[in-house]
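Note sheet for the following structure.
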Amino acid sequence: MNNPQYTNNPIINGAPSTTFPSDINPGSDGVDFIEVNPSVIIPFAPGTTPIIVKVSVPNTNTNVDKITVTITEPTGTTIVNQVSPGDTNKVDTFPITPLPESSIMTVTFGTNNGQPPENVTLSVIACYTPATATTIVTSSTVPPSVSGSTPTLTISSSSTGVTQAPSSASQAYTEGTRKTSEAITTTMICPLTEGTDF
């Protein structure tokens with residue numbers, strides 16, 4: 001996870017000037033903010049429409065006990081405003097719909113002691129549609145598989161027609177009104193691993 005797949009570098013507000021975007025990655029020591037109400041702004045990469053699954057502060061050695069996640073469209077309209085429940089520092093109740101291209105996520109932090117947030121790491125788990133995926137339709141019965149490394153993906157799956165007919169019609173009438181529709185496949189990549197490197 002050395003390259004983000006659906007985000008650009010975050011903008012970390014309220015931290016020392018020596019802070020790097022990688023300092024907020026899961027697995028790092030985290031960011032020690034110098035302001036009581038800091039924020040992390042994450043612009044989503046153009047051309048992607050992610051479905052956010054979970055945003056959290058995975059570092060257990062932090063004083064953050066609440067986060068607020070706001071997502072705005074490029075027009076400035078707020079489309080998501082979620083606050084973590086209780087004394088938790090995660091939000092996982094996002095709508096299951098793709099965000100508009102070039103949306104912006106802002107995460108703000110609340111602490112259990114009224115002091116600036118300490119040891120803050122940020123995890124964003126999301127699904128996204130790869131821009132360079134190649135779909136190969138086969139007639140095998142093998143389940144879909146993903147091979148190769150991003151952004152070059154090869155996805156194999158089988159697709160068949162579906163026959164539908166009215167259930168109460170007579171056999172002669174059914175054959176005259178039978179219709180066939182092609183199955184539809186949508187490709188989404190959902191790594192569902194803790195954290196995203198920015």
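Computed from the coordinates by the stated procedures, all read-outs in this text should not be read as laboratory data. What you see is a predicted model, and the numbers here were worked out from it, not measured in a lab. Here the Cβ positions follow ideal geometry from the backbone for every residue, glycine too, while neighbour counts run over all protein chains shown.
Ranked by Cβ crowding within 10 angstrom, fewest neighbours first, how are Ser28, Ser17, Ser56, Ser22 ordered?
Details: Ser28 16, Ser17 5, Ser56 23, Ser22 12.
Fewest-to-most Cβ neighbours within 10 Å comes out as Ser17, Ser22, Ser28, Ser56.
What are the radius of gyration and Dmax of region 11-127, computed over its Cα atoms and given in Å?
In Å, with Rg to one decimal and Dmax whole: 13.6, 40.
Provide the gained length on full extension for the span Thr75 to Thr88, in nm with one decimal, where the gain is 0.36 nm per separating residue minus the Cα-Cα distance.
Between Thr75 and Thr88, full extension yields 1.6 nm more.
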